[in-house]
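Encoded as structure tokens, the structure appears first; notes follow it.
The values are calculated or read from the model by the stated rules, or taken from the named source; none is laboratory data. Model, not experiment: these values are computed from the prediction. Glycine also receives a Cβ, built like all others from the backbone with ideal geometry; neighbour counts cover every protein chain displayed.
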Amino acid sequence: MAGTQHYNIPLVLTPEAQYLVAEVNTALAACDGALKTVEQSGGGGSSADGEIPQGTENPLVFTLQNAPSPASSLKLYVGGLRQMPINDFTLSNNQIAFIQAPIGNIQADYRY
């Protein structure tokens, strides 16, 4: 920019600040290493997309082929409408228990 002057001023950090900078750099390096490990392993796990849970004798309970991990990765749809945990269903390991009997096709997307 016209008229802008730049100055090189040395930055002097206290020992405490130097320690914090070193800790942050160490933490960033660890995060970078973890991300590379996940990328190299193909994303850190498997996923099920569009799985149709199997029914049981109980019309409210259905079974997935695998237990979602983390459980929060489960996206459940009935008749194309997204179901919400606690309000519409509960999850225990690989079993889904609906609050009300589902009407329509059931599909599940999740990581395991």
Total residues in the stretch 62-98, condition of a type in the set (A, V, I, L, M, F, W, C) and crowded, with 16+ Cβ neighbours inside 10 Å: 9
Spans of strands (runs of 3 or more DSSP E) in the stretch 9-100 with at least 3 residues within 23 Å of Tyr112 (Cβ to Cβ), modelled with pLDDT of 70 or more and of a type in the set (Gly, Ala, Ser): 47-51
